Amino acid sequence: MCAGNEVTVGRTRVRLIQGDITKQATDAIVNAANPSLMGGGGVDGAIHRAGGPAILQECRQIVSRIGRLDTGKAVITTGGNLRARRVIHTVGPVWHGGNRGEAELLASAYRESLKLASNHGLKSIAFPSISTGAYGYPMAGAAKVALEAVITFLRSESTSLEEVVFVLYDAKAYQAYSAELAGFMS
Ligand code: ADP
């Protein structure tokens, strides 16, 4: 089913909104982290600023256990002071022109985040547009990969998730994701 900015896949609603992911009250929000898990710019910096030091403290413990986080993988921490109880940190690919497995790595970042959310029994999750800031992935291509990865996951896996929200920061991102979502439904 499709109505403008949302689509229902099985029992899960996939929705697009324009806004700030740090303000979302979903069970988890996803951070477009870098492999060090030590924070950074963009959405990563915003999440750590809004969530406070408890998030970084758990990230440090994870790094001391597993080392740097590989591209396409995901880990989960507390949400600290955020409205969301948990943050799922995933690392999207840096764009190198498209011939270095970027699309598959980006799809993996979404898939691994969804798996982790399901394994924790979460009902709702919010994603930013991973890799489309400092990592340079072209917006339209990233939107297609993101929506395809999420919809494919929801069609093929059983999941606790009832809602997946894409929180697009600006109008350009929102429009790109809306156009791709419409393409999926036609
Ligand atoms: P990456 O390194 O994966 O490219 P960035 O944080 O640089 O990550 O950018 C990813 C996307 O997140 C960009 O489209 C950027 O506009 C967006 N973004 C930045 N701040 C926020 C925020 N507070 N909420 C939602 N999206 C954000």
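Read-outs throughout are calculated quantities, based only on the coordinates presented, and are distinct from any laboratory measurement. Keep in mind the model is a prediction, meaning the values are calculated, not measured. Glycine also receives a Cβ, built like all others from the backbone with ideal geometry; neighbour counts cover every protein chain displayed.
If I ask for residues that are among the hydrophobic types (A, V, I, L, M, F, W, C), under 14 Å from Ser36 (Cβ atoms) and under 17 Å from the mean Cα position of the chain (by Cα), which ones from region 60-85 would you list?
Leu69, Val75
Give the number of residues within region 80-92 that are more than 14 Å from Phe127 (Cα to Cα), surrounded by 20 or more Cβ atoms within 10 Å (Cβ to Cβ) and in contact (Cβ under 8 Å) with a residue 40 or more places away in the chain.
1
So, in region 31-61, how many residues would count as being part of a helix (DSSP H, G or I) and either among the aliphatic types (A, V, I, L, M) or within 12 Å of the ligand (Cβ to nearest atom) (or both)?
First, the residues of region 31-61 that are part of a helix (DSSP H, G or I): 42-51, 53-61.
Pick out the ones that are also either among the aliphatic types (A, V, I, L, M) or within 12 Å of the ligand (Cβ to nearest atom) (or both) and you get 42-51, 54-56.
So the count comes out to 13.
Return the residues of region 127-150 that are in contact with a Pro (Cβ under 8 Å, 6 or more places away or on another chain) and surrounded by fewer than 21 Cβ atoms within 10 Å (Cβ to Cβ); say none if nothing qualifies.
Across region 127-150, the qualifying residue is only Tyr135.
Is there any pair with a first residue in region 153-180 that is in contact (Cβ under 8 Å) with a residue 60 or more places away in the chain and within 19 Å of Ser131 (Cβ to Cβ) and a second that is within 16 Å of the ligand (Cβ to nearest atom) and among the acidic types (Asp, Glu) whose Cβ atoms are under 8 Å apart and which are 6 or more apart or on different chains, and what are they?
Partner pairs satisfying both residue conditions: Val167/Asp20; Tyr169/Asp20.
Could you please find all residues in region 151-186 being of a type in the set (Ser, Thr, Tyr), crowded, with 20+ Cβ neighbours inside 10 Å and within 11 Å of Gly10 (Cβ to Cβ)?
First, pick out the residues of region 151-186 that are of a type in the set (Ser, Thr, Tyr): 152, 156, 158-160, 169, 174, 177-178, 186.
With the extra rule that they be crowded, with 20+ Cβ neighbours inside 10 Å, the set shrinks to 159, 174, 177.
Of everything in region 151-186, just one residue is of a type in the set (Ser, Thr, Tyr), crowded, with 20+ Cβ neighbours inside 10 Å and within 11 Å of Gly10 (Cβ to Cβ), namely Thr159.
For region 160-173, how many residues are within 10 Å of the ligand (Cβ to nearest atom) and touching a strand residue (DSSP E or B) at 6+ places or on another chain (Cβ under 8 Å)?
Count: 6.
Give region 23-39 a look and list any residue that's more than 11 Å from Arg86 (Cα to Cα) and surrounded by fewer than 16 Cβ atoms within 10 Å (Cβ to Cβ), or say none.
Lys23, Pro35, Ser36, Met38
Give me the pairs: first residue in region 19-37 and on the phi > 0 side of the Ramachandran plot, second residue surrounded by fewer than 22 Cβ atoms within 10 Å (Cβ to Cβ) and not in a loop (DSSP other than H, G, I, E, B), beta-carbon distance under 7 Å, and six or more apart or on different chains, which are they?
Close Cβ pairs (under 7 Å, with a partner that is surrounded by fewer than 22 Cβ atoms within 10 Å (Cβ to Cβ) and not in a loop (DSSP other than H, G, I, E, B)) amount to Leu37/Ile62; Leu37/Val63.
What is the residue count in region 90-145 for residues that are within 14 Å of the ligand (Cβ to nearest atom) and of a type in the set (D, E, K, R)?
The qualifying residues number 1.
Residues being more than 16 Å from the ligand (Cβ to nearest atom), in contact with a Lys or Arg (Cβ under 9 Å, 6 or more places away or on another chain) and in a strand (DSSP E or B): count how many of those fall in region 6-29.
The qualifying residues number 3.
Identify the single condition in (1) in contact (Cβ under 8 Å) with a residue 12 or more places away in the chain; (2) farther than 20 Å from Ser129 by Cβ that Arg65 does not satisfy, given that it satisfies every other one.
Here Arg65 clears every test but (1).
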